[in-house]
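The values are calculated or read from the model by the stated rules, or taken from the named source; none is laboratory data. Quick caveat: nothing in here was measured; it's all calculated off a predicted structure. As a convention, Cβ positions derive from the backbone with ideal geometry for all residues, glycine included, and neighbour counts pool all protein chains shown.
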């Protein structure tokens, strides 16, 4: 029991990351969509995507920059296993492309952790959004049309969660520095 507790404590961000990806994918496919116009649609589920990228940053701190892609593959397999193969393929493609972008910025930027979270997510999320919208087009046809307004709404939602995490981490960094 003690070994399991230590394992979970040591890898809690990694476990959250692995579980968050299939949960967010399922929510994206099944969450309600609000129609603002015939072409502009919004799902509050897009608020959660930014948290996946933040969890990846914390996972990289736990595992190192070489192993951070292993949990992503595990999460893609779980998404596939729960019955959303098109979303699993889109998610894996989006996360590989988006997270490679984020990984490079996060790994090689020498800024404080909070700034690396903000900057790496701001750059990686547009890549992710485009690929996820294409995946949603196949996983749930007609759910969210692929257009600039939908991409901007998703980006704003994704960045809202990233900015919240940035502010929280920045506050912690200031407290530790004091």
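Condition check for residue 78 on (1) surrounded by 14 or more Cβ atoms within 10 Å (Cβ to Cβ); (2) in contact (Cβ under 8 Å) with a residue 60 or more places away in the chain; (3) under 23 Å from residue 162 (Cα atoms): one failure, at (3). Checked against the criteria, residue 133 does not count as touching a residue at least 12 places away in the same chain (Cβ under 8 Å), buried (at least 19 other Cβ atoms within 10 Å of the Cβ), within 29 Å of residue 80 (Cα to Cα) and touching a strand residue (DSSP E or B) at 6+ places or on another chain (Cβ under 8 Å).
A Cβ distance below 7 Å, combined with a sequence gap of six or more or placement on separate chains, defines the contacts here; from segment 48-72, residues that are modelled with pLDDT of 85 or more reach residues that are surrounded by 18 or more Cβ atoms within 10 Å (Cβ to Cβ) and assigned to a loop (DSSP other than H, G, I, E, B) in the pairs 56/68; 59/68; 60/68. In the set 85, 44, only one residue is within 20 Å of residue 161 (Cα to Cα) and surrounded by fewer than 18 Cβ atoms within 10 Å (Cβ to Cβ); that residue is 44. Selection of segment 121-156 for residues being in a loop (DSSP other than H, G, I, E, B) and closer than 17 Å to residue 51 by Cα yields an empty set. Scanning segment 81-104 for residues that are modelled with pLDDT of 80 or more and over 15 Å from the mean Cα position of the chain (by Cα) yields 81, 82, 104. Residues considered: 144, 153. Of these, the only one that is in contact with a strand residue (DSSP E or B) (Cβ under 6 Å, 6 or more places away or on another chain), modelled with pLDDT under 85 and surrounded by 18 or more Cβ atoms within 10 Å (Cβ to Cβ) is 144.
Being in a helix (DSSP H, G or I), within 21 Å of residue 47 (Cβ to Cβ) and either without any contact (Cβ under 8 Å) to a residue 12 or more places away in the chain or over 16 Å from the mean Cα position of the chain (by Cα) (or both) is a description that applies to residue 168.
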